[in-house]
1. If you go through the range B:19-34 one residue at a time, do you hit one that is more than 30 Å from B:T151 (Cα to Cα), in contact with a strand residue (DSSP E or B) (Cβ under 8 Å, 6 or more places away or on another chain) and buried (at least 23 other Cβ atoms within 10 Å of the Cβ)?
2. Under 6 Å between Cβ atoms, which residue pairs at least 6 apart in sequence (or on different chains) link something in the range A:166-192 that is within 12 Å of A:I3 (Cβ to Cβ) and in contact (Cβ under 8 Å) with a residue 60 or more places away in the chain with a partner that is assigned to a strand (DSSP E or B) and of a type in the set (A, V, I, L, M, F, W, C)?
3. Within 14 Å of chain A (Cβ to nearest Cβ) and in contact (Cβ under 8 Å) with a residue 40 or more places away in the chain: is that true of B:N142 in this structure?
4. Search the range B:195-224 for residues that are touching a residue at least 12 places away in the same chain (Cβ under 8 Å) and pair each with any residue that is assigned to a strand (DSSP E or B) and surrounded by fewer than 20 Cβ atoms within 10 Å (Cβ to Cβ) when their beta-carbon atoms are under 9 Å apart and the residues are at least 6 apart or on different chains.
5. Given the residues B:G168, B:G108, B:G138, which is the only one that is touching a helix residue (DSSP H, G or I) at 6+ places or on another chain (Cβ under 9 Å) and at negative phi?
6. So, restricting to strands (runs of 3 or more DSSP E) that lie completely within the range B:171-285, which ones have at least 3 residues that are touching a strand residue (DSSP E or B) at 6+ places or on another chain (Cβ under 9 Å) and under 26 Å from B:P28 (Cβ atoms)?
7. Residues in the range B:43-64: is at least one in a loop (DSSP other than H, G, I, E, B) and either acidic (D, E) or at pLDDT below 95 (or both)?
8. Scanning for something surrounded by fewer than 24 Cβ atoms within 10 Å (Cβ to Cβ), among the polar types (S, T, N, Q) and within 12 Å of chain A (Cβ to nearest Cβ), does the range B:63-86 turn up at least one residue?
Amino acid sequence: MAIRERLSGNEAVAIAMKQINPDVVAAFPITPSTEIPQYFSNYVADGVVDAEFVAVESEHSAMSACVGAQAAGGRAMTATSANGLGLMWEVLYIAACSRLPIVMGVVNRTMSGPLNIHNDHSDSMGARDSGWIQFYCENNQEAYDNMLMANRIGEHPDVMLPVMVCQDGFITSHAIENIELVEDDKIKDFVGEYNPEMYLLNSEKPISMGPLDLQGHTFEHKRQQAQGMINAKKVVNEVSEEFYKLTGRKYELFEEYMTEDAEAVAVILNSTAGTAKYVVNQLRAQGKKVGLIKPRLYRPFPVDEMVEVLSKFKAVAVLDKADSFNAAGGPLYTDVTSALYSKGVFSPKVINYIYGIGGRDVKADDIEIVYNKILDIAATGKVDSVYNYLGVRE
Amino acid sequence: MAYNLKQAAKKPERFTGGHRMCAGCGAPVVVRQILRALNPEDHLVAGCSTGCLEVSSFLYPYTSWEDSFIHNAFENVGSTIAGAEAAYVALKNKGKIKGETKFIAFGGDGGTYDIGLQALSGAMERGHDMLYVCYDNGAYMNTGIQRSSATPKYANTTTSPAGEVIPGKSQSRKDLTEVMANHHIPYVAQTAAIGNMKDLYEKAEKALYTKGPTFLNVIAPCPRGWQYNTPDLMDINKLAVETCFWPLYEVIDGKYVVNYKPKNKKPVSEFLKAQGRFKHMFKAGNEHMIEDVQKEVDKRWEALLKLAGEA
């Protein structure tokens, strides 16, 4: 019988980690993800988990210790935000290339500078090409559920990649919502034992990891790594299906909301998708054909599925809570438009809004501006501006 | 059992030949001897920071490491091995791992005194059961002899060149062994591969089989950076010790023991003149440089004797 609770997003992630019961958690405090290692160190102090908690002296060491622990043959997990993720940067790439399925809760926060502890996606968006699988979560339930699925996906022999589960700092990390938890024993069975094929602590079969690779081999190793990412989509679907059978909660690569007959659709990650659903409901009540796409799996990017759906619409607005500073558009916009182009689909007009930078509040009224704009584009077929900012004073 | 080089050398080789370290390099000598101090039945997880030792001993698809080995990046061998040790504790508690595994992190002076100091300090403070070995060759040799905080004063390096105005490195060396001793960990030692390498072997053995975090600082001359003839390696090690440039000592639970006091302490100029990197110090008019270095060596040696209660 599932357990009904009221939890913050951070606590939901910490409880998922408790249920997964990894071997090592190495973490460093940074707002707004600090609560995750706090909760977890309590579980360690109270003896309710078997993990070693390594209170490292930096996020660089957090990720380095996770690499050491996972390479040694354990399950390693951590959590961070913003500059903490920035400090991990070089080791993120090494973790992915070493094919170590570490799992990390990312509580999205603005990358400095300026210093700002509030939410946008500039941290994890910068890491989108580091070789990690990335999930984005609208609410606490999704953060919890995706954490529970992350090990199974990352550890799959066809994948062998680390996984980030991203949620919005403060908005979901600190807000308390109703949540449905899965029983401990069911999670234990679902996640299963971690028995890697090769690991440092295997004295019968020693292994050297992290070579100097050079021109003769690096390309092949990177190609294999890329294949893991290509394979991940299928594995995500399989594990999500299994999770659905376990919990009744269905997860696709992205969520479609009111898209069946929609003409104007917004593509939005994380908590703002919740606000957008409210706006869609209101506009639908006025007879307007609007809908929402909420990507869940961002890396790998589900090009085929996304293009198939988007091709039905007349106008699309992609909302980015991170700027790319490329004078062209945000990261999600660039991915969506290049996906369409690469599949030869030119039918929907696609525009971009950069919004909510530095935790700027995004209200229903703001989202309505976006829908009115794309409804207008859907009606006229005319686009006056592709790269736009929403809710900024200028 | 008393140390015997012949016996020690009979132990199975754990760091095999065929690696690409330079002839006359101190580092592989140090690594081999330290690995000899392991009980043959114990498994080893060794780590290495990016540097000469790493790029020369594990060039895909070849490895010199008979045990398990991991290289992560330049500045994080301390935290990488700490993570592996933490996993060992967890897996051992779960009954998933049998037998003993020891953990050694190797770093050059660049990866230890400088860029890796934070990860080293953190790993030692947290009390991981691991040994950190710094092979100190006194500069960033892998990238082409750039100065580090371990580079001796006046040394000519590619980023502290002996020029017309500035005569090599302007600053004295960081005393990392002291920094580590002040972490109040169970065992810290400074050693060198000299003679029959008894000092190095015994300190490695002590460090490996003392529970908790331990640290060895080992001088490891570099023929390219120090500019000496490759067969002179062992002589240079000896001169470093005989001049008290590199004293052999250990700190056991806070207690200082000086392991070797030269009967006739040689002038530091003998150590300096054997190396091309100090050549400019021997030009007429530069005598004050040698005096300056001698003063610093004497000061540190006296301070060490005082700590050991011998002065």
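The values are calculated or read from the model by the stated rules, or taken from the named source; none is laboratory data. Just so it is clear, the structure is predicted and the values come from calculations on it, not from any experiment. Cβ placement follows ideal geometry from the backbone for every residue including glycine, while neighbour counts extend to all protein chains displayed.
1. Restricting attention to the range B:19-34, the residues satisfying the condition of being more than 30 Å from B:T151 (Cα to Cα) are none.
Checked the range B:19-34: no residue is more than 30 Å from B:T151 (Cα to Cα), in contact with a strand residue (DSSP E or B) (Cβ under 8 Å, 6 or more places away or on another chain) and buried (at least 23 other Cβ atoms within 10 Å of the Cβ).
2. Correct list of pairs: A:I179/A:L7; A:L181/A:I3.
3. Answer is yes for this residue.
4. Close Cβ pairs (under 9 Å, with a partner that is assigned to a strand (DSSP E or B) and surrounded by fewer than 20 Cβ atoms within 10 Å (Cβ to Cβ)) amount to B:K206/B:I252; B:T210/B:I252.
5. B:G108
6. Strands (runs of 3 or more DSSP E) meeting the threshold: B:187-192, B:214-219.
7. For the range B:43-64, residues in a loop (DSSP other than H, G, I, E, B) and either acidic (D, E) or at pLDDT below 95 (or both): absent.
8. yes
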